[in-house]
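Peer 1: Take this structure first; my questions come after.
What follows is calculated from the coordinates using simple rules that are stated; it is not laboratory data. Since this is a predicted model, take the numbers as computed values, not measurements. FYI the Cβ positions are ideal-geometry reconstructions off the backbone, even for glycines, and counts take in every protein chain you see.
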Amino acid sequence: MTTTLPNTTKFYPGMTCSATEFFLSNNEIKIIQNSKILPFCEISFATQQILKEAINDDVDAKLALHDMHPSSSIKRLEQFAKCRFGGLDFQGDIKDGQLQDGEYWPCPNHGNCPHEGTLCKLPVFNEQRLTKQDVQLLQLTATNKTNEAIGDAMKMPMGSLHKAKRILWMNLGIQTKQEGVMISFFLNLIRL
């Protein structure tokens with residue numbers, strides 16, 4: 001089975017197209033929209049409405065956001081954009097008026113956030129949501145670590161590691177470590 005990754009351009013979404021891209025810069029959420037990089041406080045009404053609809057459709061996210069920012073609806077919108085779309089990648093977060101599912105980005109609060117998995121999303125590839133173990137395995141296999149070092153880092157015996165890797169490669173539709181690295185880069189799991 002051959003896996004083809006979508007073509008990426010040299011431009012981020014929102015620079016030369018009508019998409020909108022959210023990203024974190026110096027712990028502040030920014031927006032690329034209409035060929036401009038804007039602070040979140042300059043978010044358009046239409047973009048606010050798209051985010052509000054997504055929050056209202058996700059009861060768990062709505063409760064988590066209210067827990068984090070009980071008295072500020074704009075802070076809830078900003079937190080949602082930060083958690084769900086904080087990475088700068090080549091996939092627009094809003095395309096043709098539709099909010100995308102979310103993206104993985106290396107949030108410094110991973111593992112320590114009480115709302116992890118509610119506000120943030122693990123990546124999807126081949127229509128399957130990856131698990132935390134899948135993400136860690138992809139990140140570690142993209143390094144020059146040996147299988148033994150990867151097994152130690154993941155606290156897995158070699159047989160379990162090889163089985164997990166085989167299942168993940170099958171689910172991703174890949175056969176080589178290099179393909180795994182390409183997917184990891186595309187999903188924002190690693191930086192090259």
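Peer 1: Where the only charges are on Cβ atoms (+1 Lys, Arg; -1 Asp, Glu), what is the dipole of segment 18-83 about its Cα centre, to the nearest 20 debye?
Peer 2: 180 debye
Peer 1: Okay, next question. Set the Förster distance to 41 Å, then compute FRET efficiency between D67 and T143 from the Cβ-Cβ distance, nearest 0.05.
Peer 2: Calculated transfer efficiency: 0.70.
Peer 1: Using only the alpha carbons, work out the radius of gyration and Dmax of segment 124-186 in angstrom.
Peer 2: Here Rg and the maximum Cα pair distance are 10.9, 30 Å.
Peer 1: Given the -39500 (n - 2.57) contribution per DSSP H run of 4+ residues, what per-residue ellipticity at 222 nm results for the chain, rounded to the nearest 500 deg cm²/dmol?
Peer 2: Helix contribution divided over all residues of the chain: -12500 deg cm²/dmol.
Peer 1: If you find the alpha carbon centre of segment 23-51 and of segment 147-192, how far apart are they in angstrom?
Peer 2: Cα centroid to Cα centroid, the span is 34 Å.
Peer 1: Something else now. Work out how far the C-alpha atoms of the chain reach from end to end along every principal axis, then list the three figures in whole Å, largest first.
Peer 2: So the three principal-axis extents are 52, 37, 29 Å.
Peer 1: Can you find, among I150, V135, F85, the residue sitting farthest towards the positive end of the charge dipole of the chain, where Lys and Arg contribute +1 and Asp and Glu -1 at Cβ?
Peer 2: The residue sitting farthest along the positive end of the dipole is I150.
Peer 1: Here's a follow-up. Along the charge dipole of the chain, pointing to its positive end and built from +1/-1 on Cβ of Lys, Arg, Asp and Glu, which listed residue (I29, F11, L99) has its Cα farthest out?
Peer 2: Value computed over the given set: F11.
Peer 1: How far is helix 177-186 tilted, in degrees, relative to the longest principal axis of the Cα atoms in the chain, given as a value from 0 to 90 rounded to the nearest 10?
Peer 2: 10 degrees
Peer 1: Do any of K62/K132; K52/K177; K95/K121; K36/K82; K95/K163; K30/K165 go past 29 Å between their Cα atoms, and which?
Peer 2: Too far apart for the 29 Å limit: K52/K177; K95/K163; K30/K165.
Peer 1: Now, a different point. Give me the angle, in degrees from 0 to 90, between the Cα long axis of helix 132-141 and the longest principal axis of the Cα atoms of the chain, rounded to the nearest 10.
Peer 2: Its long axis makes an angle of about 60 degrees.
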